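Worksheet: the structure to be examined is printed underneath.
A short reminder: the numbers here are calculations on the coordinates, not readings from a lab. Because the structure is predicted, anything quoted here is derived from the model rather than measured. Glycine also receives a Cβ, built like all others from the backbone with ideal geometry; neighbour counts cover every protein chain displayed.
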Amino acid sequence: MSLLNINYLNIVYKVKGKKIKAVKDLSLNIESEDSVGIVGESGSGKSTFAMSILSLLPKEITEITGDIIFDGTDLLKIDEERLRQIKWKEIAYVFQKSMNSLSPVHKIGLQMNDIYKIHEANATDKDTKERILELFNLVNLSKGVYNLYPHELSGGMIQRVSIALSLLHYPRLLILDEATTALDVVTQGQILEEIMELEEKLKLTRIMITHDVSVVSLTCKKVAVMYAGYLLESGYVEDVFSLPKHPYTRELLNSYPSLTGERNRLKGIPGSFPDLSVVHRGCIFADRCKDSMDICFVREPKTVEISNDWKVACHLVGGEYNG
Ligand code: ATP
Ligand code: SF4
Ligand code: MG
């Protein structure tokens, strides 16, 4: 069953007279209980896309068109009140710098208590505390954390608190935006395992934004590869990562010598990232693509479904000059 259906999403930032096209004609269908990794170089529009789902982008400088249909409701067309009902309860978002979303002057327990009561106004303090401690247990936090301030916690503990917080209302969709990136490998591994266990238990659907393709390979069913605002390839991890069709996906995977070996950040693909404030012609990756042809510089490739949910936007895929 489709839980989140995104159609022709376009997002433009308007800053200092410039228009930055951060997301371009993005369409993606996410089924209930899917786990989808979103990968791509810095500036590819991963966070912009994810934040648009919960209307977290600064309204004064963004222009959004397209549909974001969550369980039949277009999230781009609902009012603040309906959005408030959905936030935390149906969709929760964990940021990389979760510390920033916690108040430094209030104890963790009190902050979680307040968030719980947004949707459960009649809950007793006792029930609320029980729920919070149950979640602490799920994410391996001791009860003592309830009475601590954010600055008294380590980075790993803060991320665990944020994940517990995001699960307070048993959301159906969990969005993790580089939520474990800053952690050491061991802590990251533990938290990812916990998340996957929770997913089983709670029947969660997860969108996981990361630079780290090995994290996607180990924890996600599906992957979506973004570049400069475009979704270039998407499908099941076992398909896309074993036989990538898009030249950019290949480059991305090549920058990780081994999925199980040393964990590196993206080493870099030769050539430079396009200026998103300039109008492009042809394929967005053409300037850096080893396989580019003349057509690539003049015609934008269409997205072609090659099999079971595996979609690619490249002139080399789907017949000669697919565009
Ligand atoms: P990273 O991996 O570094 O987090 P990302 O893939 O999440 O990158 P975004 O943060 O979504 O990328 O940024 C996409 C583009 O939009 C970039 O060119 C960025 O500079 C631009 N952008 C993002 N936020 C804003 C903003 N608040 N104002 C103007 N431009 C922005
Ligand atoms: Fe490379 Fe052309 Fe495919 Fe773009 S369309 S990725 S330039 S081969
Ligand atoms: Mg980001």
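Among 150-161, 213-224, what's the highest-first ranking by average C-beta atoms within 10 angstrom per residue?
Most protected by this proxy first, the peptides run 213-224, 150-161.
Answer rounded, prolate or oblate for the chain, using the Cα gyration tensor with square roots of eigenvalues a ≥ b ≥ c: rounded when a/c is under 1.5, else prolate when a/b is larger than b/c, else oblate. Working shown, then result.
Details: a/c = 2.00, a/b = 1.66, b/c = 1.21.
Judged from the Cα gyration tensor, the chain comes out prolate (a/c at least 1.5, a/b above b/c).
Could you compute the net charge surrounding LEU9? Neighbours are other residues with a C-beta less than 12 Å from the C-beta of LEU9; K and R count +1, D and E count -1.
-2
Is the shape of the stretch 1-90 rounded, prolate or oblate, going by the alpha carbon gyration tensor and its root eigenvalues a ≥ b ≥ c, with a/c under 1.5 for rounded and a/b larger than b/c for prolate?
In terms of gyration-tensor shape, oblate.
Of the beta bridges DSSP finds with both residues in the chain, what % are antiparallel, to the nearest 5?
Of all bridge pairs located within the chain, approximately 65 percent are antiparallel.
Using per-residue counts of other Cβ atoms within 10 Å, averaged over each peptide, order 141-148, 229-236 from highest down.
229-236, 141-148
For the chain, what does the relative contact order come out to in percent, with C-alpha contacts under 8 Å and a separation of six or more?
On the way: 575 pairs, mean separation 64.2, N = 323.
The normalised contact order for the chain reaches 20 percent.
List the relative contact order of the stretch 1-149 as a percent without decimals, with contacts defined as Cα pairs under 8 Å and 6+ residues apart.
21
Can you show me the helix-derived [θ] at 222 nm for the chain, built from DSSP H runs with n ≥ 4 at -39,500 (n - 2.57) apiece and divided by the number of residues, rounded to the nearest 500.
Helix contribution divided over all residues of the chain: -8000 deg cm²/dmol.
Roughly speaking, what is the centre-to-centre gap between the stretch 99-175 and the stretch 234-257 when only Cα atoms are used, to the nearest Å?
Value for the Cα centre distance between the two parts: 37 Å.
By count of other Cβ within 10 Å, fewest leading, how are VAL105, VAL240 ordered?
Numbers: VAL105 9, VAL240 27.
Ranked by crowding around the Cβ, least crowded first: VAL105, VAL240.
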